[in-house]
Amino acid sequence: MPLASLDWVDRELADLDRKGLRRSLEPLSSAQGAVVEVGGRRLVNLCSNDYLGLAGDARLRRAAAEAALAHGAGAGASRLVAGDLEIHGRLEAALAGLHRAGAALLFNSGYHANAGVPAALVGRDDAVFSDVLNHASIVDGALLSRAELVRYRHLDLDELEGLLRASRARRKLVVTDAVFSMDGDAAPLRPLADLCGRHGAMLYVDEAHAVGVLGPTGAGLAEAEGVKDRVDVEMGTLGKALGAFGAYVAVEARLRDLLVSRARSFVFTTALPPAACGAALQALELVRGEPGRRARLHRLMARMKAGLAARGFDVARVVSPIFPVVLGSEARALAAARALGERGFFVRAIRPPTVPRGTSRLRVALSAGHDEAQVEAFLGALDEALALLPAA
Ligand code: PMP
């Protein structure tokens, strides 16, 4: 007999079902790409973060395989013990180069970076100021830091200024997504940097959805806005536009030194496997060498934006390949995803707690691997799906 019954799990799952909040996995039987195979059908994939279409690129796959052959399948230990492989240092140098930063430090995922870095910067006597729509990993990292967590309304710098002015915290850390993951809009980085300057706050920018996509060289929003030298921590991921896996922060060398000793999600985990690093190194070369991918993505973005705006969706602030098609209830979002699936498009319903209650949506994401005909066909299928939806 088990010591404790798990009957409560059935009740929790039934509760999630009733609220339309139960999540489930949908396995792909193909590689990642603009078209994927799901449930035995080939669907146009409009819900990945593979913005440059690199995850399935033959050159990345080969680079991953070669790195594994040269350096091993696994790193075998944490960086601080025996897992600090030469390829980690090479990748960090390339990332510091992309961001024109003093240094970079790898993390095993964006989640690890955001969960672990804040606690190395702030503690009990300090405060973290966070946009309410920041990614969940930022909220978790702020909570783990034990600093006071102060949330400000989305993009509301007036409110943030008041909160910074009123704060008695020893150190202040302002954290923001560069591109917001479920809304596709961008933080106003230049005025945000000005504000941080006036109040002596550190600025931490999560470029997860901006690296490879924004900026003249694809280095992200801080590059696009010309404020790279005013961001204290630029965090980026390797698993989205770069098509690989892992994450990093680009920082001054002295801050990297501190993180190596203090960031628990760096210290207490096995280092990234060589294959992920090899793929990321190759991706960085393609970001530099094939700017046409970025240009193509931006053309598709313009087309999608115009199409969704014409259908009454609020996409005016979108600057990224992420388009929120907000439908309101969980039931409407689920029904729309299902109807689009039947019409050949893979899009998933995004529901609370990923997005605020009442704003369940489809999060439509483009890739440079798509073409204009696919965007137009999607918009036509969306019209049909919307016509079938229950009332809001
Ligand atoms: N930050 C943001 C803004 C994200 O959207 C995500 C992933 N969805 C992460 C961090 C986490 O990155 P990773 O997937 O590499 O853990």
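The values are calculated or read from the model by the stated rules, or taken from the named source; none is laboratory data. Since we're looking at a predicted model, the values are computed, not measured. FYI the Cβ positions are ideal-geometry reconstructions off the backbone, even for glycines, and counts take in every protein chain you see. Heads up: the accessible areas ignore ligands, DNA and RNA and are worked out on the full protein's heavy atoms, side chains in. Shrake-Rupley method; radii C 1.70, N 1.55, O 1.52, S 1.80 Å.
Here residue 52 sits with roughly 10 square angstrom of accessible surface, probe radius 1.4 Å.
Counting only aspartates and glutamates at least 8 places from residue 172 when in the same chain, those with an alpha carbon closer than 13 Å to its own are 125, 126, 148, 161, 232. Note on residue 225: accessible area approximately 70 square angstrom, rounded to 10, probe 1.4 Å, nucleic acids and ligands left out. Taken over the Cα atoms of the chain, the convex hull encloses 169 Å³ per residue. Relative to one another, the C-alpha centroids of the stretch 118-134 and the stretch 33-95 are positioned 31 Å apart. Pairwise inverse Cα distances across the stretch 60-289, averaged and inverted, put the Kirkwood hydrodynamic radius at 17.5 Å.
Rounded to the nearest 5, what is the percent of antiparallel bridges among the DSSP beta bridges in the stretch 60-289?
Values: 11 of 28 bridges.
Here the antiparallel bridges make up roughly 40 percent for the stretch 60-289.
In straight-distance terms, cross-link reach from residue 240 covers every one of the aspartates and glutamates whose alpha-carbon lies under 14 Å from its own, apart from those fewer than eight places away in the same chain; here that gives 50, 57, 206, 207.
For the stretch 20-78, build the convex hull from the C-alpha positions and give me its volume per residue in Å³.
Numbers: hull volume 9.5 nm³, N = 59.
For the stretch 20-78, the hull spanned by Cα atoms encloses 162 Å³ per residue.
Distance from the alpha carbon centroid of the stretch 213-264 to that of the stretch 331-392 works out to 31 angstrom. Taking every protein chain into account, the 1.4 Å probe leaves residue 199 with about 40 Å² of accessible area, to the nearest ten. Among the trypsin sites (Lys or Arg not before Pro) within the stretch 346-392, those in coil by DSSP and having at most 13 neighbouring Cβ atoms inside 10 Å are 357. Computed from phi, the 3J(HN,Hα) profile of the stretch 121-138 under the Karplus parametrisation 6.51, -1.76, 1.60 (θ = phi - 60°) reads 9, 9, x, 3, 8, 10, 9, 10, 9, 9, 4, 4, 9, 4, 4, 3, 5, 6 Hz, with x in place of Gly and Pro.
Got a sec? What order do 47, 277 fall in by accessible area at 1.4 Å, biggest, i.e. largest, first? Before the final figure, lay out the partial values.
On the way: 47 35, 277 0 Å².
The most accessible residue leads, giving 47, 277.
For the stretch 241-300, chymotrypsin sites (Phe, Trp or Tyr not before Pro) meeting the loop criterion (DSSP other than H, G, I, E, B) and having at most 12 other Cβ atoms within 10 Å: 268. Ellipticity at 222 nm from helices only: DSSP H runs of n ≥ 4 in the chain, each -39500 (n - 2.57), divided by the residue count, give -13000 deg cm²/dmol.
Relative contact order, whole percent, for the chain stands at 22, derived from Cα pairs under 8 Å and 6 or more residues apart. Considering only beta bridges that DSSP places wholly inside the chain, some 55 percent are antiparallel.
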